[in-house]
Amino acid sequence: MLKKSLLILSISAAYFVQAQDVSVIRNSIDVYSNSNFQGSAKFNAMGGSNGALGGDANSLLTNPAGLGVAISGEISGTLGVQSYQNTSTLAGDSNSYRNTRGDLSNVGGVLTFQLMTESAWKFINLGVNFSSQSLDNYIETPGNSNIDFTFAGNTNASLARHAYDRTGSLTKSSFGVGANYNNTLYLGAGLNFFNASFDQSDTAALNSAGNTDLYSKQGTPFNEASSGFSASFGVIGKLNKNFRLGAAIETPTFWQIDRSYSFYNDPQFGDDFAAESRRFNSPLKATASAAYVANKNFSMNVDYSIGITKPKYSVRGAAERELNDFFSDNSRSMQEVRVGAEYRMKQFRLRGGYGYASNPMDALTVSTFNNGGGVEDRSYSNLILSDRNTVSFGLGYDFKSFYIDASYQNMTSKFANPFLFGYIDGATGVDSAYYSPSSFIESDAYAVSDVKTVRNNFFLTLGWKF
């Protein structure tokens, strides 16, 4: 059994977040600042692009002014089958993991109220939309026997594997109102309520003398149950019968995050559990849109979204201050472009879309283990997160009062995946090491794997117009 003592390694100035699990940074962006919510099969087939077209409840996902475009009531429900595969490569070896999950991914409805007056205000419409998505994300990286650690007594242990594991879900419930002024100007506003619940772990397995021990990073596994809210406002204007322009703004999402977590080797409590709360604000987001409606048979839309502010935690201690400094220095505005089109042939609908989301992180330089086990400073343009490409298409059939739509969506991204860094500093109280029941490890460098993520999603929507 390995003793709980280890040759202390020097700490380099190249590290970007010393006391935080990398998963905290990743979750701050792709969970709590997430704008990639799924809608109906039509919405998803068009790449999530409808900011200047509007006309249904999914307008609450882009521009609430689109509610004012509707001229009839509508309700729909969407079943989604979401599948992902992560392939993580380190030192020439790869591990792949695939997971599939199905659920009710979207429900939406619009009530229209035609104003029977001589006023230029034609409609006041109410909308509601609910979207749900899986947060499941498992990344397992193979080991490298050249990355090893020396314990007291000259006992060696080498890296056998590493895994980040996240399971849970994220929902967004939106309520809005849209108004139609003279069939040329549309105004809208919405309130959005978010809920997230997930479990997260960060584990490393080490081989020593034919035995494999599992180590958990300090503060993991943890569970987070969170809620948040935001408001959105939008406008759409018709330049003529063919062209429309739209603009929308969504306030930061104001999150309350409640976490319970495991901790190890505390001088007073030893190994135990604890709980804490944080407040987090996602970036303020703006969206500009343009649409071309050739006739009743063809239309297309382009959306451009940008985060105006940066993620920010309410400071309650050194951890939040360190995270805010990191985001201030190293994050950048996420920009997203979405393009979608629809062609109608009598009752048939043919749709397609494309989306591109930029990397929300600047290039970062960290001390990294190379394939031979040595340590070198290396710069990464896609550390932790990266840009994302989405291609989609779909079909639909309109039965007048009822309709059915289906769509397929493919999303890809590639990023550098850092792990294994952690140390103990008794003077400052920092402890980000990895612990097993009998020992712990510290590392002054990251192991970094290359990860490719491919997501294949299928959606089926049934709707009723009234």
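For this structure, a couple of remarks:
- 18 Å tail of the calculated P(r), region 64-205, as % of Cα pairs: 70
- Per-residue SASA remark: residue 428, around 90 Å² accessible (1.4 Å probe; ligands, DNA and RNA not included).
- Accessible surface calculations at 1.4 Å, restricted to protein heavy atoms, place the chain at 42 Å² per residue.
- Relative to the longest principal axis of the Cα atoms of the chain, helix 318-330 runs at roughly 60 degrees.
- The overall shape of region 155-202 is prolate: from the C-alpha gyration tensor, with semi-axes ordered a ≥ b ≥ c, the ratio a/c is 1.5 or greater and a/b exceeds b/c.
- Averaging 1/r over every pair of different alpha carbons in region 163-234 and inverting the result gives a Kirkwood radius of 16.2 Å.
- The candidates 361, 300, 345, arranged from most to least accessible area with a 1.4 Å probe in the full protein assembly, appear as 345, 300, 361.
- Radius, Kirkwood style, for region 363-459 when every pair of distinct Cα atoms is counted (Å): 17.3
- Per residue, the convex hull volume that the Cα atoms of region 270-417 enclose (Å³): 218
- The orientation-averaged projected area of the convex hull spanned by the Cα atoms of the chain comes to 22.6 nm².
- Cα Rg, Dmax, region 30-111, angstrom units: 17.0, 59
- Hydrodynamic radius by Kirkwood, which averages 1/r over all alpha carbon pairs of region 197-291, in angstrom: 17.7
- Portion, in percent, of the accessible area of region 172-242 that falls on carbon or sulfur, probe 1.4 Å: 59
- Averaging the sequence gap over all C-alpha pairs within less than 8 Å and six or more residues apart, then dividing by the number of residues, gives the chain a relative contact order of 19 percent.
- Fraction of accessible area attributable to carbon and sulfur, region 329-466 (%, probe 1.4 Å): 57
- Per-residue HN-Hα couplings for region 163-180 [Karplus 6.51, -1.76, 1.60; θ = phi - 60°; Hz; x = Gly/Pro]: 8, 9, 9, 10, 10, x, 8, 9, 10, 9, 10, 10, 10, x, 9, x, 10, 10
- Amide H contacts under 5 Å for residue 421, placed H, 5+ residues apart: 447
- Among 52-62, 236-246, 135-145, sorting by the average number of other beta carbon atoms lying within 10 angstrom of each residue, highest first, gives 52-62, 135-145, 236-246.
The values are calculated or read from the model by the stated rules, or taken from the named source; none is laboratory data. Keep in mind that what you see is a predicted model, and the values were worked out from it rather than measured. Neighbour counts are summed over all protein chains in view; Cβ atoms, including those assigned to glycine, are modelled from backbone coordinates with ideal geometry. Side chains included, ligands, DNA and RNA excluded: accessible areas come from the protein's heavy atoms. Shrake-Rupley method; radii C 1.70, N 1.55, O 1.52, S 1.80 Å.
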